[in-house]
């Protein structure tokens, strides 16, 4: 199952996430991820308050519990005014196109 770990909140976006990356990579569960440019540089349609999302990871794990276990390694889960949202990535079948 693929999950998107959405890094969000106020404060330092450039936290050290080495432990998470090492564990997820070594287990073959890290698909990818990036830090995002500041929300003030984004284009929002329709225009509204900027989001506080500043990065993400995509992981491919056996189940939701493993996704939560990996997400807990991210310092965002232990830093004031920061959080990690865990969201399943939906897979469409060819019949749904």
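Does residue 50 qualify as being free of Cβ contacts under 8 Å to residues at least 40 places away in the same chain, part of a loop (DSSP other than H, G, I, E, B) and either out of contact with any helix residue (DSSP H, G or I) (no Cβ under 6 Å at 6 or more places or on another chain) or within 21 Å of residue 91 (Cα to Cα) (or both)? Here the answer is no, as residue 50 does not meet what is asked. The residues in region 32-77 that are at pLDDT below 90 and out of contact with any strand residue (DSSP E or B) (no Cβ under 8 Å at 6 or more places or on another chain) can be counted, and the count is 12.
The selection criterion, being more than 15 Å from the chain's Cα centre (by Cα), surrounded by 13 or more Cβ atoms within 10 Å (Cβ to Cβ) and modelled with pLDDT under 95, does not hold for residue 80. Comparison of 12, 19, 34 shows that the only residue that is part of a helix (DSSP H, G or I) and either closer than 24 Å to residue 81 by Cα or within 14 Å of the chain's Cα centre (by Cα) (or both) is 19.
Taken over region 22-34, residues that are surrounded by 12 or more Cβ atoms within 10 Å (Cβ to Cβ) and without any contact (Cβ under 8 Å) to a residue 40 or more places away in the chain amount to 5.
The values are calculated or read from the model by the stated rules, or taken from the named source; none is laboratory data. Values in this document were obtained by computation on a predicted structure and should not be read as measured data. Here the Cβ is made from the backbone with ideal geometry for all residues, glycine too, and neighbour counts use every protein chain on show.
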